[in-house]
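Undergrad: Before anything else, here's the structure in question.
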């Protein structure tokens, strides 16, 4: 997506969470904007205590192309029903990997939930995972039944 927001430019960094602290180095990532970078860093620190489902492979065109529609939206505007979107890309991978985190609830809510969508450039398969401040109920795939 072409970047059109001049007051929140893309951010390239090598910052990562490691062993209870922050480290510079490792693989470089490009966040869609400065605000996406800040959200990713805040959420990255909190996710250590989140429950998560395993990644599930889904065709982006299945179910009327819902995932395709979400991934074709601007990475700067959250889709309807979401409170925020974080978009990041790892350009050094071949092919590049893109990740979108759709925050479904406000961060100050007693229960925080998000959906992760991960894609390879020009691929029809999307990896999907749900994450929340509570562990999943039932077996690992119950969230997608």
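The values are calculated or read from the model by the stated rules, or taken from the named source; none is laboratory data. As the structure is a prediction and not an experimental result, all values here were calculated from the model. Ideal geometry is used to build each Cβ from the backbone, glycine not excepted, and the neighbour counts take in all protein chains shown.
Undergrad: Determine if region 17-25 includes at least one residue that is crowded, with 17+ Cβ neighbours inside 10 Å and modelled with pLDDT of 75 or more.
TA: No, the conditions are met nowhere in region 17-25.
Undergrad: With respect to the numbered conditions (1) without any contact (Cβ under 8 Å) to a residue 12 or more places away in the chain; (2) loosely packed, with under 14 Cβ neighbours inside 10 Å; (3) at negative phi, which one is the sole condition not fulfilled by residue 64?
TA: Residue 64 satisfies all of (1) without any contact (Cβ under 8 Å) to a residue 12 or more places away in the chain; (2) loosely packed, with under 14 Cβ neighbours inside 10 Å; (3) at negative phi except (3).
Undergrad: Sticking with this structure for a sec: What is the number of the single condition among (1) within 18 Å of residue 54 (Cβ to Cβ); (2) surrounded by fewer than 19 Cβ atoms within 10 Å (Cβ to Cβ); (3) modelled with pLDDT of 90 or more that residue 126 does not meet?
TA: (2)
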